[in-house]
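Below is one structure; the comments refer to it alone.
A short reminder: the numbers here are calculations on the coordinates, not readings from a lab. All of these numbers come straight from a predicted model, not from anything done at the bench. Here the Cβ is made from the backbone with ideal geometry for all residues, glycine too, and neighbour counts use every protein chain on show.
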Amino acid sequence: MIYLLVTISMIIFILCSFIMFIASNLSKKTINDREKTSPFECGFDPKSSARMPFSLRFFLIAVIFLIFDVEIALLLPIIIIIQWSNIFTWTLVTIFFLLILLLGLFHEWNQGALEWAS
């Protein structure tokens, strides 16, 4: 019984290896372009110095986008939960949550983080 299991496992392993070998050889591209094979790193040339200055404005916009994305993910379940909640409690929690988000938005606006162009 154990020999049958080992034999079947070896056949499956050899078959999978053969299929992977054939697939990797058939999928090779014949055209090797320097631009297409070079890595793309947000518009920076990867061959230059690794200590090139990075735009802090770009990073700040990306972080703000990420924060707003998480806020939307937290707001969507509030609409669904209204069916199973007490309406008074749901209203208080929703208003409190939206107030925190609005205060954060006004603080970012006041600090100038939402200015896209300087």
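What is the distance, in nm, between label points placed 7 Å from the Cα along the Cα-to-Cβ direction at residue 78 and at residue 106?
It is 1.6 nm.
For residue 97 and residue 71 in the same chain, what is the full-extension length gain: residue separation times 0.36 nm, less their Cα-Cα distance, in nm?
Extra length available between residue 97 and residue 71 comes to 8.4 nm.
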